[in-house]
Amino acid sequence: MKNIDPFDWPDEDDNVLAFLESDSEISKLFEKYDYEPNGYCWEGHITLILEEKNATLLESMEFDSEAGMFCAVFTDVKIIPLFLEIMVPIFQNMDLLKSYILKADRDRIDD
């Protein structure tokens with residue numbers, strides 16, 4: 001499988017995870033714009049991105065994030081590759097991620 005960092009799809013099961021490292025580039029970027037870089041923050045940003053890119057994915061997933069981990073659980077594992085196809089390029093490109101952070105509705109981010 002190709003590089004899906006910062007996400008992990010353990011055993012190609014029904015969930016996608018990201019274990020959040022406080023010293024990562026992503027965490028530093030969220031902090032730069034006054035977000036707490038925790039799983040709830042990721043959840044809010046990912047929801048907003050999906051609403052723009054492919055809102056129907058949200059109908060087949062639930063979040064189970066924690067402070068140190070982002071977790072999305074899918075009712076249909078066949079859509080996980082599409083989720084990753086959307087999210088991985090954004091979370092691997094700090095300029096692209098920054099553009100989404102800057103236009104995010106802060107009131108909808110629970111961090």
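Read the figures in this text as sums done on the coordinates, not as results from a lab. What you see is a predicted model, and the numbers here were worked out from it, not measured in a lab. Cβ atoms come from the backbone with ideal geometry, glycine included; neighbour counts cover every protein chain shown.
Cross-link list 53/78; 2/32; 2/103; 28/78: which exceed 25 angstrom alpha carbon to alpha carbon?
Numbers: 53/78 18 Å; 2/32 29 Å; 2/103 29 Å; 28/78 32 Å.
The pairs that break the limit, which is 25 Å between Cα atoms, are 2/32; 2/103; 28/78.
Given a Förster distance of 25 Å, report the FRET efficiency between residue 59 and residue 88 from their Cβ-Cβ distance, rounded to the nearest 0.05.
Calculated transfer efficiency: 0.75.
Write out the GluC sites (Glu not before Pro) in region 1-105 meeting two conditions: DSSP loop, and at most 16 other Cβ atoms within 10 Å of their Cβ.
On the way: sites: 12, 21, 25, 31, 43, 51, 52, 59, 62, 66, 85; in loops: 21.
Hits after loop and neighbour filter: 21.
For labels at residue 99 and residue 28 in the simple 7 Å Cα→Cβ model, what's the distance in nm?
Result for the modelled spin labels: 2.2 nm.
Residue farthest toward the positive end of the dipole of the chain, with Cβ of Lys/Arg at +1 and Asp/Glu at -1: which of 69, 17, 94?
94
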